[in-house]
1. Given bins 5 angstrom wide, list per bin the percent of all Cα-Cα distances in the range 344-383, short to long.
2. Give me the dipole magnitude in Debye, nearest 20, for the range 38-276 about the Cα centre, with unit charges on the beta carbon: positive for Lys and Arg, negative for Asp and Glu.
3. Ranked from highest to lowest mean number of other Cβ atoms within 10 Å per residue, what is the order of the peptides 126-135, 5-14?
4. What does the charge add up to near PRO318, with Lys and Arg as +1, Asp and Glu as -1, over the other residues with Cβ less than 12 Å from its Cβ?
5. Can you give the extra length, in nm with one decimal, that the chain gains between GLN41 and ALA355 once fully stretched, where that is 0.36 nm per residue apart less the Cα-Cα distance?
6. Please report, in debye to the nearest 20, how large the charge dipole of the range 347-398 is about its Cα centre when each Lys and Arg carries +1 at its beta carbon and each Asp and Glu carries -1 there.
7. Relative to the present Cα-Cα distance, how much length would full extension add between ILE141 and LYS333 at 0.36 nm per residue of separation?
8. Can you tell me the Rg and Dmax of the range 1-116, counting just the alpha carbons, in angstroms?
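What follows draws every value from the coordinates through simple rules; no lab data is involved. Given the structure is predicted, the values throughout are model-derived calculations rather than measurements. Please note: Cβ atoms are built from the backbone with ideal geometry, for glycine as well, and neighbour counts cover all protein chains shown.
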Amino acid sequence: MSEIAIRSSLAGLEEYEVETIEAKIIVNANESNYPVPASIQQEIEEKTKSFLFNRYPPIKCETLCSLIAETLGVDIDKVRVGNGSSELLQMACYAFGGAGKKIAIPYPSFSMYGVYAQMSDSEVLRYPLNVEGFLDAEAVIAFCKENQPDLLILNNPNNPTGNYNPLSVIEQIIANVECPIIVDEAYMEFARGEGVDPRDLRPLSQLKLVAGSALALLNKYHNFLVFRTFSKAYSLAGMRVGYSVGSISLSRILGKTLLPYHVNAYSLMAAEICYRHKEDFREQIEEIRSQRALMIAELKELGMKVWPTETNFICYSPEGKIQAVLAEAYEKKYGYSNYSAATKAGKMIFKAMLAEKILLRDFSEHPVLQGCIRQTIGLPEENTIVMNKIKNLCRECL
Ligand code: PMP
């Protein structure tokens, strides 16, 4: 068969592929390493016994939409549910983008934004985060004035750096940009929110779960949608459920691109039970936060640059002396390469951990994040093992 001519936007894309690597400790994908709490698991199992597998799910995920709407005190028409927030992101690119349209995305950030925008034939515009990985509201507003995107995506907190941007920054952008905006808050449950000192480790129950989220702006502005997911804080990555909350008119436009019965009934049932018992996840989230503080301190002590994370992952890179010795160790072990010292040092950590069956995420070749490793905050015992191995590696190389 002769080569099939397809749209140039698709011709320029590869199928998404991730090498399958056997590992004992998996900390590469920002999932939760905590299982769903036992009492919730039991409730899901109980429901499974009489589950109507033969029936289609609610056509527009109405049961989960109404539960979320009721909890947040918003109209049900402000809520949409998808197969992970990934599906909602992809469909938002189809809904608000398309041939001749432009989608503005942050950089460095979640790489799939660019892929979804490209799939939809939209032109991809990358606006930079500042050198510390934060949004510069004035720069984003100026970027939008100059480039006139049809959709603006914000990621707060940002993957892969972890930066949380205060609500005032998000509000400034929402108030001054004309096009529809998506605030992707996949990791917001792990952030402490506005006015909360990151060193304050009081139990989460004493702090508001949505403090600092754009959800707090829902009654004030009508040009944005907040995207959330069950894949991170709710330990349900395997179920693939995400949701969108925001302006009715934007929700209806997004809704036009969603298939009927698109989220499977079993996932909806599990997500509903988890959402109903969201308080039961607080302990896990709290533990992730305190582990995060410990790990950041340990990495800094080793001489790593650590990005200011408010998520369930940490992004770091060896600097100065430890970068030099790890880069040297890399050359010794893997031979000469053109990589920068930063990249070699990052790769040394990645490969040394892989040899120990620990899977990290390697960003060391990223143009802005040279030398960076991203590590999910796992269970405390996993974190101890990984941190000890990294410390040993650094000690051996010094
Ligand atoms: N947004 C961000 C920033 C992410 O990091 C991810 C997952 N890595 C997603 C969205 C998609 O998550 P899901 O489809 O599992 O909801």
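1. In whole percents, the pair-distance histogram is 6, 25, 28, 23, 12, 5, 1.
2. On the way: 21 positive and 24 negative charges, 101 e Å.
Roughly 480 debye for the range 38-276.
3. Numbers: 126-135: 16.3, 5-14: 10.0.
Sorting 126-135, 5-14 by mean packing, highest first, produces 126-135, 5-14.
4. Numbers: positive: LYS300, LYS305, LYS321, LYS344, LYS347; negative: GLU319, GLU328.
Net local charge, PRO318 excluded: +3.
5. Details: separation 314, 0.36 × 314 = 113.04 nm, distance 3.36 nm.
Length gained, GLN41 through ALA355: 109.7 nm.
6. Numbers: 8 positive and 6 negative charges, 17 e Å.
Computed about the Cα centre, the dipole is about 80 debye.
7. On the way: separation 192, 0.36 × 192 = 69.12 nm, distance 4.74 nm.
Result: 64.4 nm gained on full extension.
8. Calculated on Cα positions, Rg and Dmax stand at 19.8, 57 Å.
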